[in-house]
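Take a look at the structure set out below.
The values are calculated or read from the model by the stated rules, or taken from the named source; none is laboratory data. Predicted model, so just to flag it, every value in this text is computed and none were measured. For neighbour counting, all protein chains shown are included, and Cβ atoms are generated from backbone atoms with ideal geometry for every residue, glycine included. Protein only, heavy atoms only, side chains kept; ligands, DNA and RNA dropped before computing areas. Shrake-Rupley method; radii C 1.70, N 1.55, O 1.52, S 1.80 Å.
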Amino acid sequence: MTVVFQKTKGLTDNPTHYCPGCTHGIIHRLVGEVLEELGVLDNAIGVAPVGCSVFAYNYFNCDMQQAAHGRAPAVATGIKRVRPDNFVFTYQGDGDLASIGTAEIVHAAHRGEKISTVFVNNAIYGMTGGQMAPTTLIGQKATTAPYGRDEAHSGRPIRISEMLSTIHGAKFVERVAVNTPANIRKAKKAIKECFQIQLEGKGFGIVEVLSTCPTNWGLTPEEAMKWLEDNMIPYYPLGNFRRPEEVE
Amino acid sequence: MEERIIIAGFGGQGVMAMGQLLTYAGMIEDKKVSWLPSYGPEMRGGTANCSVIISDEAVGSPVVIDSTAAIVMNRPSLDKFENLVIPNGRLLINSSLIDREATRDDIEIYYIPANEIADSIGNSRVANMVMLGAYLEAVEPVKVESILEAFTKVFGENRAHLLPINKEALEKGAEAARKQKEAIV
Amino acid sequence: MAKVLMKGNEAIGAAAIKAGCKYFFGYPITPQSELPEYMSRELPKVGGIFLQAESEVAAINMVYGAAGAGERVMTSSSSPGISLKQEGITYIAGAELPCLIVNIMRGGPGLGSIQPSQTDYFQATRGGGNGDYRLVVLAPADVQELVDLIIEGFDIADQYRNPVMILGDGMIGQMMEPVEFTTPKQRELSEKDWATVGTGGKRNPNIINSLYIDPESLEKHNIKLQEKYKIIKENEVKVESYNIEDADVVIAAYGTTARIAKTAISKLEKEGYKVGLIRPISLWPYPYDEFNKISDRCKGILTVEMNSGQMVDDVKIAVDGRFPVSFYGRTGGMVPTPDAIIERVKEIYGGEK
């Protein structure tokens with residue numbers, strides 16, 4: 001029998017806890033495949049956040065540390081500074097990175113830490129039950145924004161990639177989505193390029209991945225993909241914001 | 001023997017350095033020593049001071065509140081520390097910058113025109129060493145040689161060329177104190 | 001090595017480097033800033049790294065990462081900054097990572113003052129962060145002891161995979177005293193085979209973690225931690241006592257306050273009073289048993305602290321009603337004087353010697 005597809009060695013055999021239809025599974029696989037393809041699995045140290053992907057340490061098949069809420073870039077900094085020859089990455093959600101952890105991500109980027117961040121943006125707090133995130137869209141309902149996000153009350157959703165691309169130390173910034181096969185392929189390409197930036201010692205890199213949360217959005221997985229396309233991409237445009245050659 | 005000294009002046013007069021020299025010299029002579037600075041915003045421009053203890057016994061409290069001697073480099077320091085000197089203790093006043101006399105009559109008081117003496121040997125910045133020289137003469141807690149040995153330890157080898165002028169300042173201060181000591185005793 | 005005169009804060013740095021610590025993550029705050037300054041100057045010379053973090057929160061989480069990667073690492077701060085570090089400290093304790101944390105205490109609460117105090121005793125010995133955890137807390141009284149405890153502290157941290165806190169006050173950080181760097185007794189330390197250094201393709205992944213979502217697993221983890229704390233209590237108590245078998249009054253004090261108490265005691269002895277001293281050096285584990293050695297003739301215990309009465313709770317636990325326990329303290333950066341202590345001791349004597 002010919003093997004036409006097999007699970008990446010970048011992931012363990014542990015069954016994930018993610019909800020049906022959640023795109024964390026896709027993103028995990030992309031990260032796992034890239035770690036394997038770049039040959040860094042044996043050398044990698046990953047940092048898991050607090051939020052839906054808190055158990056990422058059980059899924060990525062490499063050494064892992066679990067960090068306090070928002071502090072993954074600081075933990076990764078500590079690891080990379082004492083182990084500069086290891087590949088160090090963080091995997092963080094939007095509550096973790098874009099709310100409580102803004103200081104840590106901004107300053108890790110600012111110092112040009114040679115770490116890579118996978119930032120999963122699904123516009124909501126998933127693990128705690130659908131509360132409003134800094135990335136929640138205007139009018140989008142959340143358990144702490146039952147009437148929909150009101151700009152006058154909570155401001156506009158924060159655009160992390162645009163913000164980080166103004167920071168000199170950030171050498172790679174790209175926003176991708178995992179709502180279609182074509183976008184998934186582009187997402188993997190971006191993650192690979194981002195990780196290579198670290199391997200080449202060029203500085204900080206981040207890939208923002210627009211992701212779905214069918215459970216907390218109250219939609220079927222298919223509807224959620226459509227909602228991402230219709231609502232998130234217009235506000236969070238896809239594309240590359242920064243490559244090393246653009247930074248002088 | 002236990003000497004508990006307060007050295008005070010405004011920032012830039014070298015009061016911390018005087019204390020460190022004295023402390024280091026005590027250590028060289030195998031005495032028990034401690035140096036405790038005042039710290040905080042007052043270090044900039046206001047009154048700075050340090051407490052030095054040189055003792056034959058282990059140093060207990062490093063805070064000096066009943067000083068055997070006080071070296072005051074400016075007027076606010078005299079006002080603040082004159083009354084902390086124990087009876088029969090010593091008070092050394094930089095009379096170049098302090099326009100009043102001490103009010104105590106139960107202590108030995110020395111008036112040293114430290115800035116004038118420093119100027120007369122060509123370096124106004126060694127006024128602190130003039131005062132230190134006067135103090136060493138008045139009390140003899142450590143040998144002058146130990147202070148000189150401590151000099152490069154405290155200030156670094158790259159300041160070794162300043163040793164002669166500082167030595168001269170110590171001697172001039174001692175000379176000024178000697179005359180007054182004879183008058184007191 | 002010959003004696004050198006060093007400021008407490010700088011001596012901490014020199015001792016840490018001597019102990020093989022090459023990594024320091026911190027944030028400036030008075031009265032301990034000479035320490036990060038010293039490390040920024042000296043660590044590059046030994047191939048180490050000093051990093052000024054964006055906040056105390058980030059600094060302690062960098063320590064978590066570096067300790068998890070198996071390296072000797074430290075941070076330092078002063079009271080309000082230590083409050084910010086509590087999140088990271090409880091994670092470090094939960095994940096059982098070794099590291100050294102220095103708190104050069106200043107007056108509180110809130111921004112308080114920058115003058116010496118001992119107001120973080122509760123925070124250091126009772127937790128400060130969430131959860132059932134303990135730090136080994138060591139309180140030096142002079143710069144030499146500070147140096148010795150820093151060097152041993154790293155070994156204690158590694159031996160038990162537990163954070164160690166050095167609890168000093170602004171006075172010990174700022175003062176200069178002669179120090180000598182000696183090699184402490186060697187402890188048997190095992191390989192850090194739990195650290196995340198990359199699997200090298202040779203083993204299953206190592207995971208540094210304090211999350212146990214299943215209650216049974218978390219209880220098991222907590223029981224394991226408590227068993228470790230029990231062993232630390234048996235092995236790591238440090239205390240200095242003076243004349244407690246023969247004293248009419250015993251003073252309990254730690255850190256620089258104990259030095260002031262010693263000055264008071266020597267003055268009292270000249271007047272014929274018999275006063276002893278218990279100076280806890282390890283604040284956790286606390287030297288409760290030492291108080292059992294106090295003679296029955298003792299009229300009372302006087303606890304002296306630079307706070308409103310914190311260690312006095314441990315003294316009461318230790319004497320368990322055997323003696324009356326009284327308290328004298330100054331706060332806000334005010335330092336107790338020997339004379340004020342003498343007055344309290346004489347009150348306990350009640351006029352008769």
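See the values below:
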{"item": "Reachable aspartates and glutamates from A:K192, criterion Cα separation under 14 angstrom, eight or more residues apart if same chain", "result": "A:E33, A:E36, A:E37, A:E174, A:E200, A:E208"}
{"item": "Estimated distance in nm for a label pair at B:D66 and B:S120, the labels positioned 7 Å out from Cα along Cα-to-Cβ", "result": "3.8 nm"}
{"item": "Peptide C:191-201 - average C-beta neighbours from other chains (10 Å radius)", "result": "5"}
{"item": "Set of aspartates and glutamates with alpha-carbon distance to C:K220 below 17 Å, sequence-local pairs under 8 removed", "result": "C:E96, C:D132"}
{"item": "Nonlocal amide H pairs with A:F241, under 5 Å, H built at 1.01 Å", "result": "A:V173, A:E174, A:R175"}
{"item": "Interchain or long-range residues, amide H under 5 Å from A:T90's placed H", "result": "A:V47, A:S116, A:T117, A:V118"}
{"item": "Delta accessible area of at least 10 Å² on complex formation, residues of the range C:68-96, 1.4 Å probe, chain isolated as reference", "result": "C:A69, C:E71, C:E87, C:Y91"}
{"item": "Under the Karplus curve 6.51 cos²θ - 1.76 cosθ + 1.60, θ = phi - 60°, whole-Hz ³J(HN,Hα) for the range A:114-123, x wherever Gly or Pro sits", "result": "7, 10, 10, 10, 9, 10, 9, 10, 10, 6"}
{"item": "For C:209-220, mean number of other protein chain Cβ atoms within 10 Å", "result": "2"}
{"item": "Where only C-alpha atoms are counted, convex hull volume of the protein assembly as shown per residue in Å³", "result": "200 Å³"}
{"item": "Cα pair count fraction exceeding 21 Å, expressed as % - the range A:24-247", "result": "50 percent"}
{"item": "At least 20 Å along the helix axis (C-alpha) and Kyte average at least -0.5, DSSP helices within chain C", "result": "C:79-94, C:143-160, C:255-270"}
{"item": "The range B:58-151: trypsin sites (Lys or Arg not before Pro) in DSSP loop, at most 11 other beta carbons within 10 Å", "result": "B:R100"}
{"item": "Cut-off under 5 Å, modelled amide H: who pairs with C:G276 long-range", "result": "C:D248, C:V249, C:V250, C:I251"}
{"item": "Carbon/sulfur fraction of accessible area - the range B:2-184, other protein chains in place, 1.4 Å, %", "result": "48 percent"}
{"item": "Inter-part distance where the range B:113-153 and the range B:70-111 are each reduced to a Cα centre, Å", "result": "18 Å"}
{"item": "Partner chain coverage, peptide B:54-61 - average Cβ within 10 angstrom", "result": "5"}
{"item": "Shielded residues, the range A:66-107 - accessible-area loss of 30 Å² or more between chain alone and all protein chains, probe 1.4 Å", "result": "A:Q66, A:A68, A:R71, A:A74, A:V75, A:G78, A:R81, A:V82, A:R83, A:E104"}
{"item": "Carbon + sulfur, % of accessible area of chain A - ligands and nucleic acids excluded, 1.4 Å", "result": "54 percent"}
{"item": "The range A:1-43 versus the range A:81-128: alpha-carbon centroid distance in Å", "result": "20 Å"}
{"item": "For C:E240, net neighbour charge (Lys/Arg +1, Asp/Glu -1) across residues whose Cβ lies under 13 Å away", "result": "+1"}
{"item": "Percent of beta bridges antiparallel (DSSP, the protein assembly as shown, rounded to nearest 5)", "result": "30 percent"}
{"item": "DSSP bridge pairs, the range B:2-184: antiparallel proportion in percent, nearest 5", "result": "50 percent"}
{"item": "Fluctuation leader among B:I109, B:I71, B:I165 - chain B, Gaussian network, Cα springs under 10 angstrom", "result": "B:I165"}
{"item": "3J(HN,Hα) from dihedral phi, the range A:89-95, Karplus parametrisation 6.51/-1.76/1.60, rounded to Hz, x for glycine, proline", "result": "9, 10, 10, 9, x, 7, x"}
{"item": "Accessible area expressed per residue, the range B:16-133, with surrounding protein chains retained (probe 1.4 Å, Å²)", "result": "38 Å²"}
{"item": "GNM flexibility winner over chain B from B:N88, B:N128, B:N158 (Cα, springs under 10 Å)", "result": "B:N158"}
{"item": "Percent antiparallel among DSSP beta bridges (both partners in chain C, rounded to 5)", "result": "25 percent"}
{"item": "Using θ = phi - 60° and Karplus 6.51 cos²θ - 1.76 cosθ + 1.60, couplings along the range A:195-212 (whole Hz; Gly, Pro as x)", "result": "5, 5, 4, 5, 4, 7, x, 8, x, 7, x, 9, 10, 8, 10, 6, 9, 10"}
{"item": "Chain A, relative contact order in percent, only Cα pairs under 8 angstrom and at least six apart counted", "result": "18 percent"}
{"item": "Above-threshold pairs, the threshold being 24 Å between Cα atoms, out of C:K192/C:K228; A:K9/A:K188; B:K153/C:K18; C:K185/C:K316; B:K167/C:K45", "result": "C:K185/C:K316; B:K167/C:K45"}
{"item": "Selected from C:S83, C:S33, C:S190 as most flexible by GNM, with chain C as the system and alpha-carbon contacts under 10 Å", "result": "C:S190"}
